[in-house]
Amino acid sequence: MKDPKIIVALDFPDHGQAIEFSRRTSPDQCRLKVGKELFTSAGPALVEELIDSGYEVFLDLKFHDIPNTVEKAASAAARLGVWMLNVHALGGAEMMRAAREGIEVVANRPFLIAVTVLTSMSPRDLQEIGMEIPLPQLVDRLAQGAIESGLDGVVCSAREAPMLRASIGDAALLVTPGIRPEWAAANDQHRIVTPRQALENGASYLVIGRPITQHADPAEALRLITQSIS
Ligand code: C5P
């Protein structure tokens, strides 16, 4: 089985557009990420449809709740057959351990990763909510907590990847959004990294949305990016 490094963010409003996109590419070329917008509008049936057509799906719902609720939600995601899912590391060690237990309900469990600090948060935003610890230290601490709780890795910026590789090791999965090929618009992403640079920095998988999904020819965009990293 191929192990494509690119996870395409299916940030579409509805079932129709997501399925149309999935027909233009193939499971050999990419994995697919279903986030809160698409999941809320199209639901688990869409996820099952994508899996039935051969895709491995990253369910990006960033669970953050009491441990019991997160455990049950993680079990439900695992039963859906997703390849990867995530939680917020800010939910704490007990919550992350519960999520890890939750995914054991299936024989071939999905990968479980954690979001440390949302990249949309600035140091000032953190201060405003009473978090005085410097942002890189907070990211590092949350990432270490995730690994200690039995998670497989974290979502992070490709710029944080070298620091995290050093602190949480080579086995951890580093899943990095904020990726832009040289030819693509930055959109609202501020700290962008090229696909090749992200992998050189230690990323395991690249989450890429608009440079592919909004391209006039998505299959060609995916092919160009794949070529740039092979
Ligand atoms: O279109 P673009 O390539 O910017 O999409 C990036 C995807 O990664 C989006 O689905 C976005 O929600 C997600 N993401 C992100 N930054 C994070 C975590 C997730 O851009 N820190």
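The values are calculated or read from the model by the stated rules, or taken from the named source; none is laboratory data. Worth saying up front: this structure is predicted, and the values here are computed from it rather than measured. Note that each Cβ is placed from the backbone with ideal geometry, even for glycine, and that neighbours are counted across all protein chains shown. Remember, those area values only see protein heavy atoms, side chains included, never the ligands or the DNA or RNA. Shrake-Rupley method; radii C 1.70, N 1.55, O 1.52, S 1.80 Å.
Check the range 26-40 and report whether any residue there is more than 14 Å from the ligand (Cβ to nearest atom), in a helix (DSSP H, G or I) and either out of contact with any His (no Cβ under 7 Å at 6 or more places or on another chain) or closer than 23 Å to Val117 by Cα (or both). Steps first, please.
Filtering the range 26-40 for residues more than 14 Å from the ligand (Cβ to nearest atom) gives 26-29.
Filter once more, keeping what is in a helix (DSSP H, G or I): none.
No, every residue in the range 26-40 fails to be more than 14 Å from the ligand (Cβ to nearest atom), in a helix (DSSP H, G or I) and either out of contact with any His (no Cβ under 7 Å at 6 or more places or on another chain) or closer than 23 Å to Val117 by Cα (or both).
Inside the range 92-117, can you point out the residues that are of a type in the set (A, V, I, L, M), closer than 17 Å to Phe58 by Cβ and assigned to a helix (DSSP H, G or I)?
Within the range 92-117, Ala99, Ile103 meet the criteria.
Applying the selection to the range 191-205, what residues are assigned to a loop (DSSP other than H, G, I, E, B), in contact with a helix residue (DSSP H, G or I) (Cβ under 8 Å, 6 or more places away or on another chain) and either among the hydrophobic types (A, V, I, L, M, F, W, C) or within 10 Å of the ligand (Cβ to nearest atom) (or both)? Before the answer, list the steps.
As a first pass, look at the range 191-205 and keep what is assigned to a loop (DSSP other than H, G, I, E, B): 191-192, 194, 201-204.
Then drop every residue that is not in contact with a helix residue (DSSP H, G or I) (Cβ under 8 Å, 6 or more places away or on another chain), which leaves 194, 201-203.
Across the range 191-205, the qualifying residue is only Ala203.
Tell me, which residue of the range 206-230 that is part of a loop (DSSP other than H, G, I, E, B) and within 16 Å of the ligand (Cβ to nearest atom) is surrounded by the fewest Cβ atoms within 10 Å (Cβ to Cβ)?
First, the residues of the range 206-230 that are part of a loop (DSSP other than H, G, I, E, B): 209, 214-217, 230.
Add one more test, that the residue is within 16 Å of the ligand (Cβ to nearest atom), and what stays is 209, 214-216.
Values: Gly209: 19, Gln214: 13, His215: 16, Ala216: 6.
Applying the filter and picking the extreme gives Ala216.
For the range 171-188, name all the residues that are farther than 26 Å from Asp152 by Cβ and either open to solvent by 60 Å² or more (accessible area, probe 1.4 Å) or not aliphatic (A, V, I, L, M) (or both). Let's see the steps before the verdict.
Here is the first cut: in the range 171-188, the ones farther than 26 Å from Asp152 by Cβ are 181-188.
Passing the criteria: Pro181, Glu182, Trp183, Ala185, Asn187, Asp188.
Can you tell me how many residues in the range 56-69 are over 22 Å from Leu10 (Cα atoms) and either of a type outside the set (S, T, N, Q) or open to solvent by less than 30 Å² (accessible area, probe 1.4 Å) (or both)? Walk me through it before giving the result.
Start the filter on the range 56-69 by keeping residues that are over 22 Å from Leu10 (Cα atoms), which leaves 65-69.
From what's left, either of a type outside the set (S, T, N, Q) or open to solvent by less than 30 Å² (accessible area, probe 1.4 Å) (or both): 65-67.
Within the range 56-69, residues that are over 22 Å from Leu10 (Cα atoms) and either of a type outside the set (S, T, N, Q) or open to solvent by less than 30 Å² (accessible area, probe 1.4 Å) (or both) number 3.
Checking Gln29 against (1) open to solvent by less than 50 Å² (accessible area, probe 1.4 Å); (2) touching a residue at least 60 places away in the same chain (Cβ under 8 Å); (3) of a type outside the set (Lys, Arg), only one condition comes out false. Which one?
Evaluating Gln29 over (1) open to solvent by less than 50 Å² (accessible area, probe 1.4 Å); (2) touching a residue at least 60 places away in the same chain (Cβ under 8 Å); (3) of a type outside the set (Lys, Arg) leaves (1) as the failure.
Tally time: how many residues in the range 189-203 are touching a Leu at 6+ places or on another chain (Cβ under 8 Å) and open to solvent by 20 Å² or more (accessible area, probe 1.4 Å)?
Of the range 189-203, the ones touching a Leu at 6+ places or on another chain (Cβ under 8 Å) are 195, 198-199, 202-203.
Narrowing further to those that are open to solvent by 20 Å² or more (accessible area, probe 1.4 Å): 199.
Qualifying residue count for the region: 1.
Matching residues to (1) farther than 30 Å from Ala73 by Cβ; (2) in a strand (DSSP E or B); (3) at pLDDT 95 or above; (4) more than 11 Å from the ligand (Cβ to nearest atom):
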site	(1), (2), (3), (4)
Thr119	no, no, no, no
Val154	no, yes, yes, no
Ala166	yes, no, yes, yes
Gln189	no, no, no, no
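Condition check: in contact (Cβ under 8 Å) with a residue 24 or more places away in the chain, over 15 Å from Ala9 (Cα atoms), away from the ligand (no atom under 15 Å from the Cβ) and open to solvent by less than 20 Å² (accessible area, probe 1.4 Å). Does Ala161 satisfy that?
The answer is no for Ala161.
In the range 70-89, what residues are more than 13 Å from Ile103 (Cα to Cα) and open to solvent by 10 Å² or more (accessible area, probe 1.4 Å)? I'd like the intermediate steps shown before the answer.
Let us first name the residues in the range 70-89 that are more than 13 Å from Ile103 (Cα to Cα), namely 88-89.
Correct list: His88 only.
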